[in-house]
1. Is it the case, given these coordinates, that A147 is surrounded by 17 or more Cβ atoms within 10 Å (Cβ to Cβ), more than 21 Å from H82 (Cα to Cα) and either of a type in the set (D, E, K, R) or in contact with a helix residue (DSSP H, G or I) (Cβ under 6 Å, 6 or more places away or on another chain) (or both)?
2. Looking at L175, L121 in this structure, which one is closer than 30 Å to T17 by Cα and surrounded by 15 or more Cβ atoms within 10 Å (Cβ to Cβ)?
3. Can you name every residue in the stretch 124-138 that is buried (at least 18 other Cβ atoms within 10 Å of the Cβ) and more than 11 Å from L102 (Cβ to Cβ)?
4. Regarding G25, is this residue surrounded by 24 or more Cβ atoms within 10 Å (Cβ to Cβ) and at positive phi?
5. From the set of residues in the stretch 51-87 that are closer than 13 Å to R20 by Cα and among the aliphatic types (A, V, I, L, M), which is surrounded by the fewest Cβ atoms within 10 Å (Cβ to Cβ)?
6. Which of the residues that make up the stretch 61-78 are among the charged types (D, E, K, R) and under 17 Å from L157 (Cα atoms)?
Amino acid sequence: MTAGLDPTGTTALVEATALRAGYGGVEVVRGVDLRVEPGEVVALLGPNGAGKTTTLLTIAGELPPLGGDLRVLGCRGRDPLHTRARHGLGLVTQERAVLMELTVDENLRVGRCDRERALELFPELEPHLDRRVALLSGGQQQMLALARSLARDLKLLVVDELSLGLGPIVVDRLLQVVRTAADEGIGVLLVEQHVHKAMQFADRMLVLRRGVVELAGTVAELRGRLHEIQDAYLRPEPGGAAP
């Protein structure tokens with residue numbers, strides 16, 4: 001098999017066609033086409049309830065797809081998260097997947113990541129190696145969660161709301177590390193609320209509304225439609241739709 005190609009002959013890390021996703025058989029997302037290549041950041045935008053997190057969790061393997069075609073790192077659409085993780089997927093969620101009662105150093109060891117690489121990515125963590133994670137700030141916890149994913153043999157990073165509840169300086173720091181990781185060859189799928197941040201760090205963007213893709217393109221293509229995106233697509237969803 002040619003290097004860099006999965007058995008389907010594509011270089012894409014994520015290939016979703018007409019993807020349908022939801023909870024308990026109830027569709028939240030319908031007909032989503034999405035592709036992530038090595039070395040690029042794809043941002044998934046939309047108001048609360050548009051289906052961004054549902055899409056992301058289905059691609060990560062936390063939720064089984066309800067229909068359509070999905071391949072992630074060569075895995076089949078219904079393969080679970082732990083299978084995709086073995087193939088090089090890293091998932092960072094809003095909950096900051098870290099162990100609060102352990103120290104920073106213990107978290108790095110439990111995560112089986114390259115400790116030296118993690119501290120190279122976020123030297124801010126080094127003075128806190130012996131502190132319990134529960135005593136860190138939200139930004140430091142998110143740095144640790146991101147470091148645990150990036151400091152191992154990663155091919156695809158899937159991130160849900162990296163900026164949630166954090167100040168702009170910390171958000172820029174986190175997103176710059178994500179951007180650098182993509183520049184070094186990994187693929188990134190990023191759910192983001194702030195369109196300006198997405199345009200600053202992403203290569204391509206998809207805007208979801210009511211579970212369907214309303215707008216998609218490169219950042220260069222969509223930059224001139226910023227007001228249209230904000231006014232027409234990023235309004236809150238009516239009726240408290242699913243995430």
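Read-outs throughout are calculated quantities, based only on the coordinates presented, and are distinct from any laboratory measurement. Treat the numbers as computed from the prediction; the structure is a model and nothing was measured. FYI the Cβ positions are ideal-geometry reconstructions off the backbone, even for glycines, and counts take in every protein chain you see.
1. Working: surrounded by 17 or more Cβ atoms within 10 Å (Cβ to Cβ): yes; more than 21 Å from H82 (Cα to Cα): no; either of a type in the set (D, E, K, R) or in contact with a helix residue (DSSP H, G or I) (Cβ under 6 Å, 6 or more places away or on another chain) (or both): yes.
Here the answer is no, as A147 does not meet what is asked.
2. On the way: L121 fails: closer than 30 Å to T17 by Cα.
Only one candidate passes the filter, namely L175.
3. Of the stretch 124-138, the ones buried (at least 18 other Cβ atoms within 10 Å of the Cβ) are 125, 128, 133, 136.
L125, H128, L136 - these are the residues of the stretch 124-138 that are buried (at least 18 other Cβ atoms within 10 Å of the Cβ) and more than 11 Å from L102 (Cβ to Cβ).
4. Numbers: surrounded by 24 or more Cβ atoms within 10 Å (Cβ to Cβ): no; at positive phi: yes.
Against the criterion (surrounded by 24 or more Cβ atoms within 10 Å (Cβ to Cβ) and at positive phi), G25 does not qualify.
5. Looking at the filtered set, the residue picked out is L66.
6. First, pick out the residues of the stretch 61-78 that are among the charged types (D, E, K, R): 62, 69, 71, 76, 78.
E62, R71 - these are the residues of the stretch 61-78 that are among the charged types (D, E, K, R) and under 17 Å from L157 (Cα atoms).
Table: residues versus (1) farther than 21 Å from T11 by Cβ; (2) under 14 Å from the mean Cα position of the chain (by Cα).
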{"position": "G165", "(1), (2)": "yes, no"}
{"position": "V170", "(1), (2)": "yes, no"}
{"position": "A181", "(1), (2)": "no, yes"}
{"position": "E184", "(1), (2)": "no, no"}
{"position": "A202", "(1), (2)": "no, yes"}
{"position": "V207", "(1), (2)": "yes, no"}
